[in-house]
Amino acid sequence: MILKAGGRASAAAAACAVGLILGWLPGGGAAPASGPASGQETRQMATITLTPADSGKTVEVRAGDAIVVRLEENPTTGYRWAAEPGGDQIVALESSDYVSPGAAVGGGGERVFTFRARQAGSAPIRLKLWREWEGQGSITRTFTVTVRVQP
């Protein structure tokens, strides 16, 4: 299955507000005499969010889009999600954050990876749940998607 990135309602609302402020839309001041410079199309960057159900799929995005991967994690067990290196020219890891839903000691939460599509091409995103100090033999789960970046 191929998933395609798309805008969200909140992103469209933000784009509308920016357009009004900068005078690109009616009611927001004088409109520019023509479209974007050099005939280029203006495009809102998209964010696509992936979950464990998306593992094994192919995702189509455009350069500049964000890919967010959300996976359950309980770091108190020693098992943590980690990104495997590779494909950084096409899709680069921007951040990896642990989000805890509450203050319960020992309770699980979610690991949130944010990747950025950098240039046209195809590259995998490979993640593994493991205990780093125990090595490759400790991997209990994996998550892999193929990202196709359009220019």
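The values are calculated or read from the model by the stated rules, or taken from the named source; none is laboratory data. The shown structure was predicted, so the numbers you read here are calculated from the model rather than taken from an experiment. Glycine also receives a Cβ, built like all others from the backbone with ideal geometry; neighbour counts cover every protein chain displayed.
Gly87 meets each of the listed conditions (1) at pLDDT below 95; (2) farther than 26 Å from Gly137 by Cα apart from (2). Taking the conditions (1) loosely packed, with under 12 Cβ neighbours inside 10 Å; (2) without any contact (Cβ under 8 Å) to a residue 24 or more places away in the chain; (3) out of contact with any strand residue (DSSP E or B) (no Cβ under 7 Å at 6 or more places or on another chain); (4) not basic (Lys, Arg) in turn, Thr77 satisfies each one other than (1). Using the structure shown, decide if Asp65 is at pLDDT 90 or above, among the acidic types (Asp, Glu) and surrounded by 14 or more Cβ atoms within 10 Å (Cβ to Cβ). Spelling it out, Asp65 is indeed at pLDDT 90 or above, among the acidic types (Asp, Glu) and surrounded by 14 or more Cβ atoms within 10 Å (Cβ to Cβ). Scanning segment 110-140 for residues that are surrounded by fewer than 16 Cβ atoms within 10 Å (Cβ to Cβ) and more than 30 Å from Ala63 (Cβ to Cβ) yields Arg131, Glu132, Trp133, Glu134, Gly135, Gln136, Gly137, Ser138, Ile139, Thr140.
Please list, ordered by residue number, the strands (runs of 3 or more DSSP E) wholly in segment 69-118 having 1 or more residues that are among the polar types (S, T, N, Q).
Values: elements: 80-83, 91-99, 109-117.
Counting at least 1 such residues, we get 91-99, 109-117.
Filtering segment 27-62 to residues that are within 13 Å of the chain's Cα centre (by Cα), part of a loop (DSSP other than H, G, I, E, B) and either at pLDDT 90 or above or of a type in the set (D, E, K, R) (or both) leaves Ala46, Thr51.
Could you say which residue among Gly107, Gly7 is modelled with pLDDT under 75 and out of contact with any strand residue (DSSP E or B) (no Cβ under 7 Å at 6 or more places or on another chain)? Working first, answer last.
Details: Gly107 fails: modelled with pLDDT under 75.
Among Gly107, Gly7, only Gly7 is modelled with pLDDT under 75 and out of contact with any strand residue (DSSP E or B) (no Cβ under 7 Å at 6 or more places or on another chain).
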